[in-house]
Amino acid sequence: MTKIALDSEEVRALLPHRYPFLLVDRVLEISPSAILAEKFVSINEPFFQGHFPERAIMPGVLILEAMAQSAGIIVKKYVEGAETKALVLTGIKRTRFRKPVYPGSILTLDVKEKRRRSNLLVIEGVALVEGEPVAEAELMASYVDWDQL
């Protein structure tokens with residue numbers, strides 16, 4: 001059995017997102033600069049109603065959002081003062097979508113911090129299904145006060 005570092009309740013305690021936009025179900029491993037998280041992709045996800053009715057695949061932008069939310073867990077857990085901040089996506093580079101993600105998949109999110117300066121964060125993320133890469137990207141984010149949004 002897989003050891004769980006953070007269960008769904010602990011994930012919800014760290015992230016402000018809620019259904020249907022909470023895209024991390026649990027965390028398997030976490031450190032101040034890396035996280036291995038999972039999203040259970042269910043046919044009941046609301047986006048499958050329109051993407052696509054004939055052949056359901058998870059939208060690529062939501063895979064990127066799941067990576068960003070994984071990075072947000074690192075920030076909320078380890079960056080002093082960030083518990084009252086919002087992590088906002090500010091850029092996406094070197095993105096590749098390798099394979100589609102279908103309902104019934106477990107999307108594994110392997111996210112590593114590349115750089116952090118002040119309130120800016122650059123991460124490298126790889127999304128995998130059954131150990132095979134389905135997407136990869138470099139994401140930039142900033143953590144800001146909620147009243148700056």
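Just give me the residues in segment 8-42 being farther than 11 Å from Q69 by Cα and of a type in the set (V, I, T), in sequence order.
Of everything in segment 8-42, those that are farther than 11 Å from Q69 by Cα and of a type in the set (V, I, T) turn out to be V27, I30, V41.
Please pick out the residue among E38, E9 that is assigned to a helix (DSSP H, G or I), at pLDDT 95 or above and over 12 Å from I73 (Cα atoms).
E9
So P53 fits all but one of (1) within 17 Å of the chain's Cα centre (by Cα); (2) more than 26 Å from P32 (Cα to Cα); what number is the exception?
That leaves (1) as the condition not met.
Of the residues that sit in segment 13-59 and are out of contact with any strand residue (DSSP E or B) (no Cβ under 6 Å at 6 or more places or on another chain) and among the β-branched types (V, I, T), which one is nearest to T108 (Cα to Cα)?
Per the stated criteria, the residue is I30.
Of the conditions (1) in a helix (DSSP H, G or I); (2) of a type outside the set (A, V, I, L, M, F, W, C); (3) modelled with pLDDT under 95, Y19 fails just one. Which one is it?
Failed condition: (1).
Restricting attention to segment 98-110, does a residue exist that is farther than 24 Å from L6 by Cα, in contact with a Pro (Cβ under 9 Å, 6 or more places away or on another chain) and of a type outside the set (S, T, Y)?
Checked against the condition, which is being farther than 24 Å from L6 by Cα, in contact with a Pro (Cβ under 9 Å, 6 or more places away or on another chain) and of a type outside the set (S, T, Y), segment 98-110 yields at least one hit.
The values are calculated or read from the model by the stated rules, or taken from the named source; none is laboratory data. Given the structure is predicted, the values throughout are model-derived calculations rather than measurements. Virtual Cβ from ideal backbone geometry, glycine too; neighbours counted across all protein chains shown.
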